[in-house]
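All of the numbers you see were taken from the coordinates with simple rules; none came from a lab. What you see is a predicted model, and the numbers here were worked out from it, not measured in a lab. We place every Cβ from the backbone using ideal geometry, glycine too, and count neighbours over all the protein chains shown.
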Amino acid sequence: MGRRTWTGILAALLLLTAGCAAGSAPLSYGDAFYSSQGSYQTDSLHCPSGQGDTLEVSFRNDGEHTCQVILYQQGLFGTRTERDAITVTAGAERAFCYPASDGKTFVVRVNSLDGGEVEGGLSLSQKHT
């Protein structure tokens, strides 16, 4: 093999090694939203293993209606189990932490308690405690 081939092989190995060492980044999610349908739901959000054992969920209610923020853990075949929930009045911001999130997948749903619009900012952050 020529020098050029070895250089290419070494470069590929270095990239592979760096990618394996880096691992997955902790979950960090933020979204500002508006829904006239009375609810908003995230896609599935995964907390990678080893990147933090607690999930912090925060909601800023920019709307005119009291909302409930529900954290669901997603299981096999798309099943969901409610893990925690908070109520956030209009104009307020609240947060909660859910332990034992490491390696699990979640969905968050924001519901208006009276069926009105939902509007605000939702953020999720995986952390070490």
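Things worth noting here:
- Proximal charge balance of T42 [Cβ under 11 Å; K/R count +1, D/E count -1]: -1
- Per-residue Karplus couplings for region 117-129, computed as 6.51 cos²θ - 1.76 cosθ + 1.60 with θ equal to phi - 60°, are listed in order as 5, 10, 8, x, x, 10, 9, 10, 9, 8, 9, 8, 10 Hz, Gly and Pro entered as x.
- Ranked by the mean number of other Cβ atoms within 10 Å of their residues, highest first, the peptides 107-120, 39-52 come out as 107-120, 39-52.
- Semi-axes of the equivalent ellipsoid for region 25-127, computed as √(5λ) from the eigenvalues of its C-alpha gyration tensor and ordered from largest down, come to 24, 14, 11 Å.
- Residue-wise HN-Hα couplings along region 83-91, as the Karplus relation 6.51 cos²θ - 1.76 cosθ + 1.60 with θ = phi - 60° gives them from phi, are 10, 6, 7, 9, 10, 10, 6, 4, x Hz; Gly and Pro carry x.
- With a cut-off of 10 Å between beta carbons, the residues surrounding G121 carry a summed charge of -3, where Lys and Arg count +1 and Asp and Glu -1.
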